[in-house]
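First up is the structure itself, then whatever we jot down about it.
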Amino acid sequence: MTAMFATLVLGIVIGYLGQRTKFCTISGIRDFVMLKDSFRFKGLIGIIAGGLVGYTLFHLIGADIPNFPIGLDITSAGILIAGIVGSVGMGFFSVFAEGCPFRQHVMAAEGKSSALLYLLGFYLGIVYFNIVTIQWLELLLRTTG
Amino acid sequence: MKFNFKLKTWQVFGVGAVMGIGAAIVQGYFNAQPPEAYGISFIGHPNDLFSWLTNKIAGTNWPIRDAFIVYPVLTVAGVFIGSFAAASRNREFRLQPGPVRKKFLAVIFGFLVANLGLLWGSCPIRTALMVGYGSVIAIIALASIAGGVMLAIVYIRIKARKGVPQ
């Protein structure tokens, strides 16, 4: 139950901060590539830096941070294929949606109708994934070992 | 002016750092695992919450990550509360159109991002967290996300050159 409340509190904190700074990972990459503007890109760097420092520090002081660092975790060709296809597609369509999934949740809470419609499609997508796409994924993982 | 700009720049970096350290705390001290580096995920957590609710209400058996089988993950609810509070406090909450002009396309983009994101299993934030965790596949995935963004930019530039409206 502690994880449930911890994620709620962390969600409130990052939701508040994310709304104030217009934090978005996809826009960060897009602005950096398209306009050479590193303003939002620094957020992505911040996650990697914060994660690296946090996981290293808590691992050293004995918190429950197992398998750190993970290292080479490509267990099958299927996982690699699914990872690359999924990531490229997510990056591609998130540019047209004008934001990463986190940013869309924040914009929906600001009252932006296109973000609310995005989330309608997003949660319908989750239903479709759990009924249809997951079977394709399992087939891919079976055939590639 | 210059000072303000620098401050804002560091604020965005700071938010990222808060996410990274917060995710490490949630994992290390509040058992938000397995899997590793799962303190924040805007693909995995919405899927886990939605699947948890569907399993409870409709009796389905959709897969949920081990950490959130008994009690649901509430990051999504927290973000709604936090960003709504921030928007309301600063008088920025109001019903408005949003960045995607065609409503149908917004639904389609959400649908596609959910499916493609679940295929990889992580949103860009968790992918970056996994890079911090030392995962090689996350480095490849983050590069692939950047590749997808670049492809979209190329597509937009070609469309703009041809003068076709988006």
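All of the numbers you see were taken from the coordinates with simple rules; none came from a lab. Please read these numbers as outputs of a predicted model, since none were measured by experiment. Please note: Cβ atoms are built from the backbone with ideal geometry, for glycine as well, and neighbour counts cover all protein chains shown.
With chain A treated as a Gaussian network of Cα nodes joined by springs under 10 Å, which of A:Val106, A:Val88, A:Val53 yields the largest mean-square fluctuation?
A:Val53
Can you report the principal axis dimensions of segment B:8-166 using only the alpha carbons, biggest first, rounded to whole angstrom?
Computed over the Cα atoms, the extents are 53, 39, 38 Å.
Which FRET efficiency value, to the nearest 0.05, do you get for B:Trp10 and A:Val127 by plugging their Cβ-Cβ distance into 1/(1 + (r/R0)^6) with R0 = 30 Å?
It comes to 0.15.
Which of the pairs B:Lys102/B:Lys159; A:Lys42/B:Lys102; A:Lys112/B:Lys159 have their Cα atoms more than 19 Å apart in this structure?
A:Lys42/B:Lys102; A:Lys112/B:Lys159
With viscosity set to 0.692 mPa s at 37 °C, what whole-number translational diffusion coefficient in µm²/s follows for the protein assembly as shown from Stokes-Einstein and a Kirkwood radius over Cα pairs?
In µm²/s, the coefficient rounds to 170.
Hey, rough spin-label estimate for A:Leu60 and B:Leu95, points 7 angstrom out along Cα→Cβ, what's it come to in nanometres?
The answer from the label model is 5.3 nm.
Scan around A:Cys100 for amide H atoms under 5 Å from its own, H built in the peptide plane at 1.01 Å from N, and keep only partners 5 or more places away or cross-chain.
A:Thr25, A:Ile26, A:Ser27
If each DSSP helix of 4+ residues adds -39,500 (n - 2.57) and the sum is divided by the residues in chain A, what number results at 222 nm, nearest 500 deg cm²/dmol?
Taken over chain A, the calculation gives -24000 deg cm²/dmol.
Could you list which residues have their amide H under 5 Å from that of B:Ser135, counting only those 5 or more apart in sequence or on another chain, with H placed in the peptide plane?
Under 5 Å from the amide H of B:Ser135 lie the amide H atoms of A:Ile70, A:Gly71, each far enough along the sequence or on another chain.
What do you get for the angle between helix B:2-30 and the principal long axis of chain B? Use alpha-carbon atoms, 0 to 90 degrees, nearest ten.
Roughly 20 degrees between the two axes.
Calculate one ³J(HN,Hα) per residue across segment A:62-75 by plugging θ = phi - 60° into the Karplus curve 6.51 cos²θ - 1.76 cosθ + 1.60, and present them in order as whole Hz with x for glycine and proline.
x, 6, 7, 10, x, 6, 9, x, 5, x, 7, 10, 8, 8
Using only Cα atoms, find the angle between the long axis of helix B:136-162 and the longest principal axis of chain B, and express it within 0 to 90 degrees, rounded to the nearest 10.
In chain B, helix B:136-162 runs at an angle near 30 degrees to the longest axis.
Taking the Cβ of A:Leu117 as the center, what net charge do the other residues with Cβ under 11 Å away carry, scoring Lys and Arg +1 and Asp and Glu -1?
With Lys, Arg at +1 and Asp, Glu at -1, the neighbours total +3.
From the helices alone, meaning DSSP H stretches of at least four residues, give me the mean residue ellipticity at 222 nm for chain B, per-run term -39500 (n - 2.57), in deg cm²/dmol to the nearest 500.
Calculated from helices alone, the mean residue ellipticity at 222 nm is -23000 deg cm²/dmol.
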